[in-house]
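Encoded as structure tokens, the structure appears first; notes follow it.
The values are calculated or read from the model by the stated rules, or taken from the named source; none is laboratory data. Since the model is a prediction, treat every value here as computed from it, not as a measurement. Every residue, glycine among them, receives a Cβ derived from its backbone with ideal geometry; neighbour counts consider all protein chains shown.
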Amino acid sequence: MRHLSKWAALAATAAMLPFTAMADTADGEALNNMEWDEIVELARGGEVNWLMWGGSDTINQYVSEYIGGILEEEYDITLNRVGVSDTASVVNIVLGEREAGVMDEGSVDMIWINGENFRTMQQADLAYCGYTDVLPNNVLVDWDNPAIANDFGVPVNGCEVPWSTAQFAFAYNTALYDAPPTSIPELLEWIEANPGQFTYPAPPDFNGSVFVRHVFYHAAGGVENLLGEFDQERYDEAAAATWQILNDIEPYLWREGETYPTTIAALEQLYANQEVGIVFNYEPAGVGINIENGTFPPTTQGYAMTDGTIGNTNYTLIPFNSPNKAAALVLQNVLLSAEAQVEKAQPDVWGTQPGIDMTRVEGEIREIFDAIERHPNVVPAEDLAATALPELQASWISAIEQGWIENVGN
Amino acid sequence: MIGQDGLWTKTFRYITCLLLVTWLVLPLIPLAIWSVARGWFFPDILPRMWTLDAWRYALSDTSGVLDALWLTIGISLAATVLSILVGVPAGRALGMYKFKGKEVIELMILAPTIVPGIAVVLGVHTVFIYLGLTNTVHGVILVHLIPTLPYMTLVMAGIFSNYDPAFEAQARSLGASPLKTFWYVTLPAIMPGIIVGGLFAFLVSWSQYILTLLVGGGRVVTLPLLLFNFATSGRNDITGAIGMIYILPGILILTLTAKQLSGRSGAVGGFGRI
């Protein structure tokens, strides 16, 4: 009898084994009430599918090799990095799944996201929320910082965690120009003095749109009046002045402003071929990466604006219908770790600024971070941070993009 | 007179051939150079620095290009075979018979080539979710049939509209079984069409992006997915390296079927030779 029950127990365990090993962790509510160790155990042996912009070999290598290596070795989790050229298509996958009633076996476990795409996910209720306190490394995140707690003006509300911070920066070719224009008014003068040497990608390109917002802030006499909910009256006032400025400089732009590049990649090509003299990007570290991989001339130098540039934070988000939420949480926790954040800040890895608050990190790892030598051609983060400007709410941004298309890009 | 005329056609043919080759090959040269360049700036004719970094990345495990190459070949071959299996009978029906609603059916078959894919892709995604076919290789193969079938069916319809079924009747009257008739009479006659249609089907499936991404849900990573990542981000070096790998199967298949595609074969000139 004892033998029999032993065998029965063994058989039952064996029968259950595949289920426990491949535990479905779609129930986010349950995870939110668990201890971290339990979540790690649930995640062990599983997989996580991370769909993210895949146009950079260095970022891909960091994610697949460094982060994927940690997941594999320490947690026995397989990281499946899927590169996409446009994050909006990932939002569409999740949206399509929700419309078709796929509530707990979606195909996306994590998205690299911010801004417009995050707003869409929030509005359609597509994000898994309320888990941030579960992550041990959440203590490193400064949620009191409004630039972290708000994603393009939309409150994060525990629906995503920061990965990196970025701040818009300009760059110029030191072989062609002695000194670059260091404020928006100076830049506008510079454009008129150097016909054909400047252009910007047409909004709604992400980077072109940010450039237009810099002019918008300038025309509005500062960003203070533009914060908060969209206001038609304040918009109309600043918009009229902005379109005036942008239409006035149009004849002095590349190809007399007859056409605009449609992507930041196109602008970078124009700059690389010396068709234009100034380039910009929301990711200042890109200058160093682009010099090292041969896209930019080595004489390129990034610089900050005295009247400030706009900064943002990018995040990682877990869709509501991810079946591998436990593994996705482990991945997020690894991404937030001081070690992974410092590795990411190394100029030959990526060189982007941490999403965590480095003052909360102590000991050896902090020393490594403080000792990082930035790429000599990348603008120092301190220079940028000294004059950081906030992003507007997404409703403002879409109004400005639409207004540009109607009044300038026509 | 006849000799002169012949010379003129010959010269014309060589010039056309040269133009065509230039037109096809010339754009590939910068791509090949970029794949081994470390920076290439105007006004340099050739890059100043050379590197194999892009190739090293393209062939690494991280990039997943080699896995994607085999997977894409498998998917495109399967989509081609299925297109042939569906397209040949469909083309025969459309090419040889008159029936009610034929125009409507022709229009529906043509629809995927007229309607922009992006407009229907979300609906297709929903349907595939309902059918439980998302995130699978066979789901991706099936969804590729939407853009490949119009080409296959239309080519076969053209072939069959010039096809004389009396040959089949003759074989049957001489005692051949239906299978034998198909194998020895029908198949050789329509072979050029199958090859041309199959080539279209393969290349159309080979270049699918948004259908693969949505229906594959990121689980099915084909070469276009990897290629577009870098093409859209302005990385000419890696785009060049992956692009070189990307065009290999196309060139290989084109070479293998070149004879069938030349003016001498029945596929282009109808059935004059049968």
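Does residue A:210 count as among the β-branched types (Val, Ile, Thr) and either in a loop (DSSP other than H, G, I, E, B) or not assigned by TED's automatic domain parsing to the domain that holds residue A:320 (or both)? The answer is yes for residue A:210.
I need the full set of residues from the stretch A:269-306 which are among the hydroxyl-bearing types (Ser, Thr, Tyr) and either under 18 Å from residue A:175 (Cβ atoms) or within 14 Å of chain B (Cβ to nearest Cβ) (or both), in order please. Those that are among the hydroxyl-bearing types (Ser, Thr, Tyr) and either under 18 Å from residue A:175 (Cβ atoms) or within 14 Å of chain B (Cβ to nearest Cβ) (or both): A:271, A:282, A:295, A:299, A:300, A:303.
Considering the stretch A:200-221, and only residues there that are out of contact with any strand residue (DSSP E or B) (no Cβ under 9 Å at 6 or more places or on another chain) and not hydrophobic (A, V, I, L, M, F, W, C), the residue that is surrounded by the fewest Cβ atoms within 10 Å (Cβ to Cβ) turns out to be A:221. When residue B:26 is tested against (1) surrounded by 10 or more Cβ atoms within 10 Å (Cβ to Cβ); (2) closer than 28 Å to residue B:224 by Cβ, exactly one condition is not met: (1). I want to confirm something. Restricting to the stretch B:22-32 and keeping residues that are under 29 Å from residue B:212 (Cβ atoms) and outside any loop (DSSP other than H, G, I, E, B), which single residue is nearest to the other protein chains (Cβ to nearest Cβ)? Here the residue is B:30.
All of A:353, A:332 fail the test of being farther than 27 Å from residue A:296 by Cβ and touching a residue at least 40 places away in the same chain (Cβ under 8 Å), apart from A:332.
Restricting attention to the stretch A:325-358 and to residues that are at pLDDT 95 or above and of a type in the set (Val, Ile, Thr), the residue that is farthest from residue A:156 (Cα to Cα) turns out to be A:342. The single residue among A:80, A:92, A:138, A:114 that is touching a strand residue (DSSP E or B) at 6+ places or on another chain (Cβ under 9 Å) and free of Cβ contacts under 8 Å to residues at least 40 places away in the same chain turns out to be A:80.
Looking at B:101, B:39, B:91, B:74, just one residue is in contact with a Phe, Trp or Tyr (Cβ under 9 Å, 6 or more places away or on another chain) and more than 10 Å from every other protein chain (Cβ to nearest Cβ), and that residue is B:91. Annotation note: of A:328, A:238, the sole residue that is part of a helix (DSSP H, G or I) and within 14 Å of another protein chain (Cβ to nearest Cβ) is A:328.
Does any residue of the stretch A:222-236 turn out to be surrounded by fewer than 18 Cβ atoms within 10 Å (Cβ to Cβ), touching a residue at least 60 places away in the same chain (Cβ under 8 Å), touching a helix residue (DSSP H, G or I) at 6+ places or on another chain (Cβ under 8 Å) and of a type in the set (Phe, Trp, Tyr)? There is at least one residue in the stretch A:222-236 that is surrounded by fewer than 18 Cβ atoms within 10 Å (Cβ to Cβ), touching a residue at least 60 places away in the same chain (Cβ under 8 Å), touching a helix residue (DSSP H, G or I) at 6+ places or on another chain (Cβ under 8 Å) and of a type in the set (Phe, Trp, Tyr). Inspection of the stretch A:55-65 finds no residue satisfying the criterion of being at pLDDT below 95, over 27 Å from residue B:236 (Cβ atoms) and either within 11 Å of chain B (Cβ to nearest Cβ) or buried (at least 20 other Cβ atoms within 10 Å of the Cβ) (or both). Only residues that are away from every other protein chain (no Cβ under 14 Å) and surrounded by fewer than 17 Cβ atoms within 10 Å (Cβ to Cβ) were counted in the stretch A:250-268, giving 6.
Conditions tested, residue by residue: (1) more than 13 Å from chain B (Cβ to nearest Cβ); (2) surrounded by fewer than 24 Cβ atoms within 10 Å (Cβ to Cβ); (3) not basic (Lys, Arg).
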site: A:94; (1), (2), (3): no, no, yes
site: A:102; (1), (2), (3): no, yes, yes
site: A:106; (1), (2), (3): no, no, yes
site: A:110; (1), (2), (3): no, no, yes
site: A:113; (1), (2), (3): yes, no, yes
site: A:117; (1), (2), (3): yes, yes, yes
site: A:122; (1), (2), (3): yes, yes, yes
site: A:132; (1), (2), (3): yes, yes, yes
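Listed here are the residues, each with its yes/no results for (1) under 17 Å from residue A:168 (Cβ atoms); (2) at pLDDT below 95.
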| site | (1), (2) |
| --- | --- |
| A:199 | yes, no |
| A:203 | yes, yes |
| A:206 | yes, yes |
| A:211 | yes, no |
| A:222 | yes, yes |
| A:225 | no, yes |
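Filtering B:85, B:69 for residues that are modelled with pLDDT of 95 or more, exposed (fewer than 15 other Cβ atoms within 10 Å of the Cβ) and out of contact with any His (no Cβ under 7 Å at 6 or more places or on another chain) leaves a single hit, B:85.
Scanning the stretch A:263-304 for residues that are over 20 Å from residue A:195 (Cα atoms), out of contact with any helix residue (DSSP H, G or I) (no Cβ under 6 Å at 6 or more places or on another chain), assigned to a loop (DSSP other than H, G, I, E, B) and touching a residue at least 60 places away in the same chain (Cβ under 8 Å) yields A:263, A:283, A:284, A:285, A:293, A:297, A:299.
Residue-level check: of (1) free of Cβ contacts under 8 Å to residues at least 60 places away in the same chain; (2) out of contact with any helix residue (DSSP H, G or I) (no Cβ under 7 Å at 6 or more places or on another chain), residue B:136 misses just (1).
Within the set A:260, A:200, the sole residue that is in contact (Cβ under 8 Å) with a residue 12 or more places away in the chain and in contact with a Phe, Trp or Tyr (Cβ under 6 Å, 6 or more places away or on another chain) turns out to be A:200. The set of residues in the stretch A:294-308 being of a type in the set (S, T, N, Q), surrounded by 21 or more Cβ atoms within 10 Å (Cβ to Cβ) and out of contact with any strand residue (DSSP E or B) (no Cβ under 6 Å at 6 or more places or on another chain) consists of A:295 alone. Within the stretch A:42-54, can you find the residues that are crowded, with 23+ Cβ neighbours inside 10 Å and either farther than 25 Å from residue A:27 by Cβ or at the interface with another protein chain (Cβ under 7 Å from one of its Cβ atoms) (or both)? Answer for the stretch A:42-54, where residues must be crowded, with 23+ Cβ neighbours inside 10 Å and either farther than 25 Å from residue A:27 by Cβ or at the interface with another protein chain (Cβ under 7 Å from one of its Cβ atoms) (or both): A:49, A:51, A:54.
Of all residues in the stretch B:42-66 being within 11 Å of residue A:294 (Cα to Cα) and more than 9 Å from chain A (Cβ to nearest Cβ), which is surrounded by the fewest Cβ atoms within 10 Å (Cβ to Cβ)? This residue is B:48.
Kindly evaluate residue A:359 against the criterion of being farther than 30 Å from residue A:30 by Cα, more than 14 Å from chain B (Cβ to nearest Cβ), over 21 Å from the mean Cα position of the chain (by Cα) and β-branched (Val, Ile, Thr). It is true that residue A:359 is farther than 30 Å from residue A:30 by Cα, more than 14 Å from chain B (Cβ to nearest Cβ), over 21 Å from the mean Cα position of the chain (by Cα) and β-branched (Val, Ile, Thr).
Residues of the stretch B:151-166 that are more than 10 Å from residue B:92 (Cα to Cα) and in a loop (DSSP other than H, G, I, E, B): B:162, B:164, B:165. Evaluated against (1) within 14 Å of another protein chain (Cβ to nearest Cβ); (2) outside any loop (DSSP other than H, G, I, E, B); (3) touching a residue at least 24 places away in the same chain (Cβ under 8 Å), residue A:312 falls short on exactly one condition, (1). Only residues that are assigned to a helix (DSSP H, G or I), away from every other protein chain (no Cβ under 14 Å) and not aliphatic (A, V, I, L, M) were counted across the stretch B:184-243, and they come to 12.
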